[in-house]
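Contents: one structure, followed by commentary.
The values are calculated or read from the model by the stated rules, or taken from the named source; none is laboratory data. Everything numeric in this text was worked out from a predicted model, so none of it was measured. We place every Cβ from the backbone using ideal geometry, glycine too, and count neighbours over all the protein chains shown.
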Ligand code: HEC
């Protein structure tokens with residue numbers, strides 16, 4: 001029985017499943033950030049309008065740090081204040097899943113601008129390695145353009 005099961009598992013397209021950013025977004029992010037990334041006013045900020053951040057390494061580093069370490073506001077997005085908690089995905093998603101879900105956010109919910117590159121495994125592992133004062137995401141965010 002077990003042998004049949006593992007034979008069956010070998011037939012499943014694991015890489016496609018693991019890298020399905022749209023499905024991961026629907027399962028792991030949409031409950032708060034909503035299906036089109038529009039967010040919930042006053043609770044979870046929109047994930048649209050991040051083109052300028054996605055176009056620089058500093059902005060991509062910030063986004064990687066938020067998904068790895070979470071975030072505790074206060075922040076302001078389009079004049080709307082948010083002071084809630086973004087949970088950490090450090091132990092919830094592996095880096096290749098994070099690459100896929102962040103590509104979905106960057107390329108489907110946002111429109112890639114000049115300078116855009118997908119958030120890479122290197123950027124994510126640097127975010128994982130950051131600790132203590134290095135993780136001051138609000139300070140890093142304050143250096144980014146307003147959105
Ligand atoms: C349980 C709700 C929840 C889930 C699930 C969630 N987030 Fe968040 N997220 C938040 C909240 C709340 C904030 C803002 C935190 C604050 O007020 O400081 C946030 C902030 C962010 C930010 C920073 C936005 C900014 O303007 O600085 C990014 C990027 C982000 N989330 C991405 C994601 C991604 C990608 C996923 C799925 C992998 C996800 N979030 C899942 C609640 C959530």
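A compact table of results
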read-out: Which listed residue is touching a helix residue (DSSP H, G or I) at 6+ places or on another chain (Cβ under 9 Å), more than 23 Å from residue 20 (Cβ to Cβ) and within 12 Å of the ligand (Cβ to nearest atom), from 81, 45; value: 45
read-out: Pairs, first within 17 Å of residue 81 (Cβ to Cβ) and free of Cβ contacts under 8 Å to residues at least 12 places away in the same chain in segment 25-46, second within 8 Å of the ligand (Cβ to nearest atom) and part of a helix (DSSP H, G or I), C-beta under 9 Å, six or more apart; value: 40/32; 40/33
read-out: Subset of segment 109-147 (residues that are closer than 16 Å to residue 55 by Cβ, within 14 Å of the chain's Cα centre (by Cα) and part of a helix (DSSP H, G or I)); value: 109, 123
read-out: Among the candidates 65, 78, 90, 60, residue that is within 19 Å of residue 140 (Cβ to Cβ) and loosely packed, with under 14 Cβ neighbours inside 10 Å; value: 90
read-out: Residue satisfying all of: in segment 109-145; loosely packed, with under 14 Cβ neighbours inside 10 Å, within 24 Å of residue 32 (Cα to Cα) and out of contact with any strand residue (DSSP E or B) (no Cβ under 8 Å at 6 or more places or on another chain); modelled with the lowest pLDDT among these; value: 136
read-out: Residue match in segment 51-64 (condition: within 9 Å of the ligand (Cβ to nearest atom), touching a strand residue (DSSP E or B) at 6+ places or on another chain (Cβ under 7 Å) and not in a loop (DSSP other than H, G, I, E, B)); value: no
